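The values are calculated or read from the model by the stated rules, or taken from the named source; none is laboratory data. Just so you know, these numbers come straight off a predicted model, no measurement behind them. Glycine also receives a Cβ, built like all others from the backbone with ideal geometry; neighbour counts cover every protein chain displayed. The accessibility values were calculated without ligands, DNA or RNA, using every heavy atom of the protein model including side chains. Shrake-Rupley method; radii C 1.70, N 1.55, O 1.52, S 1.80 Å.
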Amino acid sequence: MNTESISHEGIVTKITDDELEIKILAQSACAACHAKSACGMGEQAEKILTVPRPKDKDFTLNQKVNVKMSIGQGNKAAVLAYLIPIMLLLAVLFTCLGLGLGEGLSALLGILALVPYYVVLYLRRDKLKQKFEYNVE
């Protein structure tokens, strides 16, 4: 894994044969973190993260763990979750405005254009899970 990484402390809340469910708690240090805009932890006090269970380690419920992801992967996640959707929305919005449609209809069509994007992301969630590597310590 890349030496540059984003790390969050969490608590194991669920254990299956293949996955761990970890509750991540945002800490006050998130406010000063240079990657806070990419990971989104500063927006909410608690998030649930499902990660593949490392086979070489044993975990127990309520165990404190550190979850790490490389900054490059965090940036890729931010692009998929934030940058592409806003670019799609703006492209549809300005195209519709350029075609002479009203502002309200253009905005609505811009928002509706996001639905297929998020449906495709949802349908490809298993493939996307394989592309993101977490290190649980």
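Among the residues in the stretch 38-45, are any modelled with pLDDT under 85, in contact with a Cys (Cβ under 6 Å, 6 or more places away or on another chain) and closer than 12 Å to Tyr134 by Cα? No, the stretch 38-45 contains no residue that is modelled with pLDDT under 85, in contact with a Cys (Cβ under 6 Å, 6 or more places away or on another chain) and closer than 12 Å to Tyr134 by Cα.
Tell me, which helices (runs of 4 or more DSSP H) wholly within the stretch 51-137 include 3 or more residues that are open to solvent by 60 Å² or more (accessible area, probe 1.4 Å) and either over 17 Å from Gly10 (Cα atoms) or of a type outside the set (D, E, K, R) (or both)?
On the way: elements: 71-78, 84-98, 103-112, 114-123, 125-131.
Of the helices (runs of 4 or more DSSP H) lying wholly inside the stretch 51-137, those with at least 3 residues that are open to solvent by 60 Å² or more (accessible area, probe 1.4 Å) and either over 17 Å from Gly10 (Cα atoms) or of a type outside the set (D, E, K, R) (or both) span 84-98, 103-112, 114-123, 125-131.
Across the stretch 56-75, what is the number of residues that are modelled with pLDDT under 80 and closer than 14 Å to Glu133 by Cβ? Matching residues across the stretch 56-75 total 0. Residue pairs whose Cβ atoms lie under 8 Å apart, sitting 6 or more positions apart in sequence or on different chains, and linking a residue in the stretch 78-93 that is touching a residue at least 24 places away in the same chain (Cβ under 8 Å) to a partner that is in a helix (DSSP H, G or I) and of a type in the set (A, V, I, L, M), are Ala78/Ala38; Leu80/Leu121; Leu80/Leu128; Pro85/Leu114; Leu88/Leu114; Leu89/Ile111; Leu89/Leu114.
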